[in-house]
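Nothing in this text is a laboratory measurement; each read-out follows from the coordinates by a stated rule. In this text, all values refer to a predicted model and were calculated from it rather than measured experimentally. FYI the Cβ positions are ideal-geometry reconstructions off the backbone, even for glycines, and counts take in every protein chain you see.
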Amino acid sequence: MVIARTHLLRRTLTPALTTAGIAVLVLAPTAARADTGGTAEAAAGTNGTTPATVGAATLGPDGYKALELGMSEDDAVATGLLTDRQEIGDCAWYYLDPDEGAQNPGAGVVVSPTRGVVNIPGTENSQTPEGITMGSVDDEEGSTTEQIEAGYDRYTVDKTGPTPLYTAPAPGNSQAHYIFAIGEDGRAKDMGLTADDDGECGLND
């Protein structure tokens, strides 16, 4: 799974692996979405949701382990979770350390010079506090759309591109949202936590 990185770092889906039947997530939701108006059933186990254990592998509303949205680049690097720095426009881009689990090759931690960390990707070892996980196009893992819908009181669905995108405000953080890319098997194949104010990194364009 390869993620295209444009100079604006827009979270779009690009048909990078058409033979795998899925295009992959970049870094921010597209503008056009159909609001489902969906209301989640929050009780654990309802509609197939899995109760989450908040722990070291949780991609929470504020961040992942010691890495938090809004953190300066120096502080983010000091967590020891980042590797392979690159520059995209005025923003910095890093992979999570491979020990954190498999992530999409083009998904990364994005750091704005004015807003600090504005994007943190998920890995196949992480989950949201609501128990949502991601797999890859090479397996049948990852939460289903039903589990995503049951996990969040509010969500939107964008089906204008080759792969459906679910976006949900991050419970507990009014200034961030989760986004999930859905594969042909109806399961999440990529996910990330993005700040609503991306510091002009182009994530939300």
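Worth a mention:
- Global geometry of segment 125-176, whether rounded, prolate or oblate, following the gyration tensor of its Cα atoms and the 1.5 cut on a/c: oblate
- In a DSSP loop and with at most 12 other Cβ atoms within 10 Å, the GluC sites (Glu not before Pro) in segment 127-172 are Glu140.
- Taking the centroid of alpha carbons for each part, segment 60-117 and segment 155-185 are 20 Å apart.
- Overall form of segment 166-205 per C-alpha gyration tensor (a/c, 1.5; a/b vs b/c): oblate
- Shown here for segment 147-205: trypsin sites (Lys or Arg not before Pro) in loop regions (DSSP other than H, G, I, E, B) with at most 13 other Cβ atoms within 10 Å, namely Lys159.
- By average C-beta atoms within 10 angstrom, highest first, the peptides 166-177, 191-202, 70-81: 191-202, 166-177, 70-81
- Within segment 54-140, none of the trypsin sites (Lys or Arg not before Pro) combine a DSSP coil assignment with at most 13 other C-beta atoms in a 10 angstrom radius.
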